[in-house]
Amino acid sequence: VMVTTAASSAGRQVLASCRTTLSSVREISLDVPWGTVKGIEVGPRDGKPVVMIHGWLDNCYSFVPLLSSLPPTRRYIALDLPGHGHSSHKPKSANAHVIDLITDIEHCRRALGLQRFDLIGHSLGGMLSGIYCATYPEYIRKFVAIDGLLPFHSPTDKIISNLRRASDMIVNEPIPHKVYPDLDELSRKIADTMFYRGIDPELVKFMVDRSIHLTPSGYQFTYDVRLRYPALIRMTRDVLFPLIQSWTTPILYLVASHGFKEFHHPSYEEGMTFLEEYGRNVKQLELLGPHHLHMTNTEDVSAAISEYLDLTDQQDPTPKDFFKGL
């Protein structure tokens, strides 16, 4: 499906940049045990790699506005997580748990042949990337999280009730996606939800183009419906907080002024308090914008990321410094 409706005045300039960027991207396909992971790649093939992991129910197109602003000095690889975008769904015999995505990221790293890379994650992608950094720290040079770093955790007394609820949803027949006769209505409805408020509906429409298909009755999402199910087992504070203390990767956490911090989720607020006390490798920077601020405030987000990841530095300074002393 290619969305071609006219853009609003607020989103026209960003959309024009997005479409220019899309004309230069390379579609990628990675073989994984359950099928393929798709994504897009832009920049020099021999550039230092930067891997991008999107948020829950989004897809790699959510990074296109940011890719339009980042310096073209690196090899940027934005992936569709399994069950999202154009990537394969997990088999019906498998559960689509969030925590399983950690091993999925490692499958992708191996398929890409990367030994050392920078990592950028938004929302769920930031939470997953944070766990990945704790699990596979030797592969990550630096990590930037965009309004999402600490996975939501559950009180221990809720574990069994959450397990029963999640198990019933998995065993029951999945509820199919709703069909929307009008694409504008679909985009407006998404843009009005808590996580997408503050994004121009035309930008929402641009992103969901990779997550929908046209049926005889109208437009329908293609993401794996199981992604909406709660996790069978959520992390508890006894697991999550030692994870924070184990981080050795340098981390920049970009906090949206009108994102998670305004949702006032007890798990998030407790985690942030612990992060401020024990996240010794984490630098926090608050920027103006909604939860998807990398799609709306691209200039400030790009500037912060460029400085932290040294994106304008095309040369490795080590050889120069070494030979200078000879």
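Of the residues making up region 36-70, those that are at pLDDT 95 or above and of a type in the set (F, W, Y) are Y61, F63. The single condition among (1) modelled with pLDDT under 90; (2) touching a Phe, Trp or Tyr at 6+ places or on another chain (Cβ under 6 Å); (3) under 18 Å from L293 (Cα atoms) that G198 does not satisfy is (2).
Within the group T248, T193, which residue is open to solvent by 20 Å² or more (accessible area, probe 1.4 Å), among the β-branched types (V, I, T) and farther than 30 Å from Q13 by Cα?
Details: T193 fails: farther than 30 Å from Q13 by Cα.
Exactly one of T248, T193 is open to solvent by 20 Å² or more (accessible area, probe 1.4 Å), among the β-branched types (V, I, T) and farther than 30 Å from Q13 by Cα, namely T248.
Restrict the check to region 55-62 and report whether at least one residue is of a type outside the set (G, A, S) and either over 25 Å from R234 (Cβ atoms) or in contact with a Cys (Cβ under 9 Å, 6 or more places away or on another chain) (or both). Show your work before the answer.
Of the residues in region 55-62, the ones of a type outside the set (G, A, S) are 56-61.
Now drop any that are not either over 25 Å from R234 (Cβ atoms) or in contact with a Cys (Cβ under 9 Å, 6 or more places away or on another chain) (or both), which leaves 60-61.
Checking region 55-62: at least one residue is of a type outside the set (G, A, S) and either over 25 Å from R234 (Cβ atoms) or in contact with a Cys (Cβ under 9 Å, 6 or more places away or on another chain) (or both).
Out of region 176-199, which residues are of a type in the set (V, I, T) and either closer than 21 Å to G55 by Cβ or part of a helix (DSSP H, G or I) (or both)?
Taking region 176-199 and keeping what is of a type in the set (V, I, T), we get 179, 190, 193, 199.
I190, T193, I199, listed by residue number.
For E262, the requirement of being over 22 Å from the mean Cα position of the chain (by Cα) and open to solvent by 80 Å² or more (accessible area, probe 1.4 Å) is not met.
Restricting E173, E202 to residues that are open to solvent by 20 Å² or more (accessible area, probe 1.4 Å) and assigned to a loop (DSSP other than H, G, I, E, B) narrows the list to E173. Touching a residue at least 60 places away in the same chain (Cβ under 8 Å) and closer than 17 Å to G271 by Cβ: does that describe L128? The answer is yes for L128. Taking the listed residues R210, R280, R228, R234, the one that is open to solvent by 30 Å² or more (accessible area, probe 1.4 Å), at negative phi and within 18 Å of the chain's Cα centre (by Cα) is R228, with no other qualifying.
Would you be able to say whether some residue in region 168-179 is among the charged types (D, E, K, R), more than 24 Å from the chain's Cα centre (by Cα) and at pLDDT below 85? The answer is yes, given that some residue of region 168-179 is among the charged types (D, E, K, R), more than 24 Å from the chain's Cα centre (by Cα) and at pLDDT below 85. Looking only at region 118-132, residues that are more than 9 Å from the chain's Cα centre (by Cα) and either over 18 Å from T248 (Cβ atoms) or open to solvent by 10 Å² or more (accessible area, probe 1.4 Å) (or both) come to 1 in all.
The values are calculated or read from the model by the stated rules, or taken from the named source; none is laboratory data. Computed from a prediction, not measured in an experiment: that's the story for all the values here. Ideal geometry is used to build each Cβ from the backbone, glycine not excepted, and the neighbour counts take in all protein chains shown. For accessibility, only protein heavy atoms count, side chains too; no ligands or nucleic acids. Shrake-Rupley method; radii C 1.70, N 1.55, O 1.52, S 1.80 Å.
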